[in-house]
Amino acid sequence: MDSVNCKVGTPNLHAALPYVASDHRYDNMIYRRCGKSGLLLPVISLGLWHNFGSVDCFENFEKIAYAAFDNGITHFDLANNYGPVPGSAEENFGRILKHGLGVYRDEMIITTKAGYDMWPGPYGEWGSRKYLMASLNQSLKRMGLDYVDIFYSHRPDPNTPLEETMGALADIVRQGKALYVGISNYDAEQTEKALAILKEYKVPCLVHQARYSMMDRWTEPALLPLLKKEGVGMVAFSPLAQGLLTNRYLNGIPEDSRAAKNHFLQRSTITPELVAQIQQLNDIAQRRGQSLAEMALAWILKDEGVTSVIVGASSVNQLMDSIKVIEHLEFSQEELNDIDKVLKNNK
Ligand SMILES: NC(=O)c1ccc[n+]([C@@H]2O[C@H](COP(=O)([O-])OP(=O)(O)OC[C@H]3O[C@@H](n4cnc5c(N)ncnc54)[C@H](OP(=O)(O)O)[C@@H]3O)[C@@H](O)[C@H]2O)c1
């Protein structure tokens, strides 16, 4: 990892000077309107699912957050359970805000979510009003915020009436604890119902957050067309397939990589067939004069219906590589055909 001298745990923030943002932070980033709302989001957003927890190096992820903001990334994506340990990414982000980034609060879109397992007992997961309200209060406390910009229902709950979950989202906006609401991991049918209920409550759904990459195109047939028709934005998570769509695994599995460290990306996924496919995609990227990560992000952003891609990063260098995508977003038909051929041949 090209990171700094790493100390895991709570940093001594008094030792370092407070952060001051670059005057050039808005020089290059591209912003897209989120659906038919008034909100613009940067085409690259930063996600704090991994690498920002209490097991990670504060000095490293603090630098990643500052590099993001210095380059026009105004959108930071969190959830109650991000860590590990769950909740620690929000606590750490709160510390980063206190250390200077928070001065720019009005220039930032900070999101959080609730839906997955967070605390013991019957009220610590899924989609009840009880859970969503309590969880957001906890998230605000951890980050030291009065409000988040977007609050998400992190996943649909098969056992809670959708009216209850959407009603809680609408009331959260009315209480001023979130400016907008969104849903995540809802399929097209569930999304259609959720949008209709939120419309009735006069709190429109701003955005859907869905997994989308060259390697996972489930959103294409029904969800993306629905969101476009309804004027709802779409932000794509895991756009690099957790690092598979980069140069990370071209020469084995590095010890500091997600596949080596984390059960969310299994070592066994990285088969010789997959590496051969990634190599072919890497060759196409090189012909375009891009890294594979840049090409994979550009490939998603070619669809104007996608507002932003939420990338993860374990180093500033990775983030800076991904940001470079904005220099070359266009594809020739031939390049698209070549990519499709690689993806189809290896299904
Ligand atoms: N709503 C949901 O249910 C949900 C689910 C998952 C994620 N998300 C959101 O989406 C965000 C991104 O997810 P993700 O971390 O899976 O995204 P990703 O961008 O697909 O993968 C990030 C990983 O790819 C590697 N990487 C990133 N840039 C690279 C580069 N330029 N060159 C080489 N390797 C690079 C790093 O792996 P190494 O760590 O191995 O270096 C990094 O940790 C999350 O933080 C979260 O905010 C939401």
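For this structure, a couple of remarks:
- Among (1) within 16 Å of the ligand (Cβ to nearest atom); (2) in contact with a Ser or Thr (Cβ under 9 Å, 6 or more places away or on another chain) - the single one M214 does not satisfy: (2)
- For I310, the requirement of being within 13 Å of the ligand (Cβ to nearest atom), touching a Leu at 6+ places or on another chain (Cβ under 8 Å), at pLDDT 95 or above and not in a loop (DSSP other than H, G, I, E, B) is met.
- So H328, is it free of Cβ contacts under 8 Å to residues at least 12 places away in the same chain and surrounded by fewer than 19 Cβ atoms within 10 Å (Cβ to Cβ): no
- Counting only strands (runs of 3 or more DSSP E) wholly contained in the range 18-130, the ones carrying 3 or more residues that are surrounded by fewer than 20 Cβ atoms within 10 Å (Cβ to Cβ) and away from the ligand (no atom under 16 Å from the Cβ) occupy 31-33.
- Hits in the range 297-347 - residues which are of a type in the set (S, T, Y) and in contact with a strand residue (DSSP E or B) (Cβ under 9 Å, 6 or more places away or on another chain): T307, S308, S322
- Qualifying residue in the range 147-166 (condition: more than 16 Å from the ligand (Cβ to nearest atom) and surrounded by 23 or more Cβ atoms within 10 Å (Cβ to Cβ)): yes
- Residue within the range 279-293 that is within 9 Å of the ligand (Cβ to nearest atom), out of contact with any Lys or Arg (no Cβ under 6 Å at 6 or more places or on another chain) and not in a helix (DSSP H, G or I) present: yes
- With respect to (1) within 18 Å of the chain's Cα centre (by Cα); (2) more than 12 Å from F69 (Cβ to Cβ), the lone exception for P120 is condition (1).
- Test: residue in the range 332-346 that is more than 26 Å from N185 (Cβ to Cβ), free of Cβ contacts under 8 Å to residues at least 60 places away in the same chain and among the small types (G, A, S): yes
- Residue check, L301 buried (at least 20 other Cβ atoms within 10 Å of the Cβ), in contact (Cβ under 8 Å) with a residue 24 or more places away in the chain and within 18 Å of the chain's Cα centre (by Cα): yes
- Picking from residues in the range 238-253 that are near the ligand (Cβ under 7 Å from one of its atoms) and surrounded by fewer than 20 Cβ atoms within 10 Å (Cβ to Cβ), the one that is farthest from the chain's Cα centre (by Cα) is N247.
- Residues of the range 254-271 satisfying the condition of being near the ligand (Cβ under 9 Å from one of its atoms) and closer than 25 Å to A298 by Cα: S257, R258, A259, F264, L265
The values are calculated or read from the model by the stated rules, or taken from the named source; none is laboratory data. A quick note: this is a predicted structure, and the numbers were derived from the prediction, not measured. All Cβ positions, even for glycine, are placed from backbone atoms using ideal geometry, and neighbour counts span all protein chains on display.
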